[in-house]
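The values are calculated or read from the model by the stated rules, or taken from the named source; none is laboratory data. Every value quoted in this text rests on a predicted model; they were computed, and no experiment measured them. Cβ: placed from backbone, ideal geometry, glycine included. Neighbour counts: every protein chain shown.
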Amino acid sequence: MEALFTSTAVVALAEIGDKTQLLAIILAARFKKPLAIIAGIFAATIANHFLAALVGAQVASILDGQWFRYLIAASFIAMAAWTLIPDKLDDDPEPKPARFGAFVATTIAFFLVEMGDKTQIATIALGARFHDVLAVTMGTTLGMMIANVPAVFLGSKLLERVPLRVIRWIAAGLFLAIGLWILVSAR
């Protein structure tokens, strides 16, 4: 249960103001089909985060040693710093509506945009920390849905009311606390 709850909290907080949340708002405005967009986010997140958690768990089982625990702790501390940097959509990852429907476009866009994103890196680290691919995948997917479903339904109005700076600091604090906890327990 610790893997599930920690994964949910880490990703839900880290996702606030993230580029994938901005993408959810763009897709909702473009397609106006919230259920198809939510289903696409869910499908993409399950696929992406399952692979990320699997990589993390497999690498951890191969490289299980004190130095690797220090590396995992350092990755969480680095994630704390990265979380404080606001995300924006640099490129236009919007799919063209003439080519794909809302579900397919969302699934493809979310899967690709999530590659190398801080929530994917966090999922790898969580998989390495907990060695529980299913609980980590369920938790990180739940965290993505907690952050993105309101964005789909409420769009830009949500972002006007949520103090992103405060949320970023809370998320960074959570990453830092996990990193320090792993560092202390690695001794």
Item checked: Test: residue in region 39-57 that is at pLDDT below 80 and under 19 Å from Gly139 (Cα atoms) -> no
Notebook entry, point to check: How many residues are within 10 Å of the chain's Cα centre (by Cα) and assigned to a helix (DSSP H, G or I) if we restrict to region 100-120?
Noted result: 4
Notebook entry, point to check: So which pairs qualify, if the first residue must be in region 126-141 and among the aromatic types (Phe, Trp, Tyr), the second must be in a helix (DSSP H, G or I), the Cβ gap must be under 6 Å, and the two must be at least 6 apart or on different chains?
Noted result: Phe130/Ala3; Phe130/Val136
Notebook entry, point to check: If you check Ala147 against the conditions, is it at pLDDT 80 or above and either touching a strand residue (DSSP E or B) at 6+ places or on another chain (Cβ under 7 Å) or of a type in the set (A, V, I, L, M, F, W, C) (or both)?
Noted result: yes
Check: From the list Trp181, Trp169, which one is at pLDDT 70 or above, of a type in the set (Phe, Trp, Tyr), under 20 Å from the mean Cα position of the chain (by Cα) and at negative phi?
Finding: Trp169
Margin query: Looking at the structure I just gave you, is Leu134 at pLDDT below 95, assigned to a helix (DSSP H, G or I) and either over 23 Å from Ala12 (Cβ atoms) or among the aliphatic types (A, V, I, L, M) (or both)?
Written below: no
